[in-house]
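Enquirer: Quick one: the structure is below, questions incoming.
The values are calculated or read from the model by the stated rules, or taken from the named source; none is laboratory data. Nothing here was measured: the structure is a model prediction, and the numbers come from that model. As a convention, Cβ positions derive from the backbone with ideal geometry for all residues, glycine included, and neighbour counts pool all protein chains shown.
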């Protein structure tokens, strides 16, 4: 019998060429507050993701790689850093692929947020445990068009435990939104970190 998990794995394996797109940033950093290994992904084609990754680390030697090249890096990180933290600002489709691969190693979502522009309206829709969800939503709104920088500087503040989640939304008006992509910020950690 074909299970959902088997179907997804086989679909991913057979469609890597379709899913693997160029210009993704990958960085390995260390969370200064907790000395936890941190693996960060960002879609460098998106202006906001470029701002995000530039705040994580100035070294850009790993840019211009496609997501398919990161499967081994993600797997190795999950095995070698079972108490580590994985975060990103990517397209939704890339987040889906990385999330599915990380689940195989016991890493699950503990925060995600969509960041979308409609005309001059920016909407942040955050899914996280209740208290951090409201705090993050307010902080992103207050950061206005600098929200990618806030995310990069506050990755250590993103939830790293698995609790009941809620979804909250904040909207604001920002100028110059014509070149921004729909992106998802997210955070994964191993279930034993709860």
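Enquirer: Scan region 34-46 and give yes if some residue there is surrounded by 18 or more Cβ atoms within 10 Å (Cβ to Cβ), in a helix (DSSP H, G or I) and modelled with pLDDT of 85 or more, otherwise no. Steps first, answer last, please.
Expert: So in region 34-46, the residues surrounded by 18 or more Cβ atoms within 10 Å (Cβ to Cβ) come out as 38-44, 46.
With the extra rule that they be in a helix (DSSP H, G or I), the set shrinks to none.
No, the conditions are met nowhere in region 34-46.
Enquirer: Next question, about the same structure. Does region 18-28 contain at least one residue that is over 22 Å from residue 113 (Cα atoms), assigned to a helix (DSSP H, G or I) and modelled with pLDDT under 65?
Expert: yes
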